[in-house]
Amino acid sequence: MGDIYRTAHQVLAWLGPAGQNSDLAMDSLEDLSEALPPIFARPCFTQFEALRLPKGDSPVWSAIGHLFRRTWFGRLWTFQEAVLASDLLIICGRKTISSKTLSLSPRN
């Protein structure tokens, strides 16, 4: 399987149908990925605004939590997909994001 993921032009990871605010999570991940790389330690809630993060009580955090609890993230072969695929596209419902957004593969 490793050779298949490594040589594929693009690998698609289907997380399942939209639900539990997954559209909000998928839409928010791109913005968060731009804000998070310079953060080296867990910020206090009072620092969220300065770091361009949603407030601590924002529904975004719950939506992202539900998204990352989907079964794809707990499967053994997910690691192969994420690490070996040169281009991994993550799909949830009708929303898509690149694995680079989640830092599941190296950014070019």
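Read-outs throughout are calculated quantities, based only on the coordinates presented, and are distinct from any laboratory measurement. Just so we're clear, the structure is a prediction, and the values are computed from it rather than from any experiment. Positions of Cβ are generated from backbone atoms using ideal geometry, with glycine treated the same way; all protein chains shown enter the neighbour counts.
Paramagnetic label reach from Trp77 (point 7 Å along Cα→Cβ; backbone nitrogen cut-off under 20 Å): within region 1-25, residues 1-17. Each peptide among 65-77, 22-34 gets the average number of other Cβ atoms lying within 10 Å of its residues, and from highest to lowest they stand as 22-34, 65-77. Measuring nothing but how far apart in sequence close Cα pairs (under 8 Å, 6+ apart) lie, relative to its length, region 2-98 scores a relative contact order of 56 percent. With all pairs of different C-alpha atoms in the average, the Kirkwood value for the hydrodynamic radius of region 1-90 is 14.9 Å.
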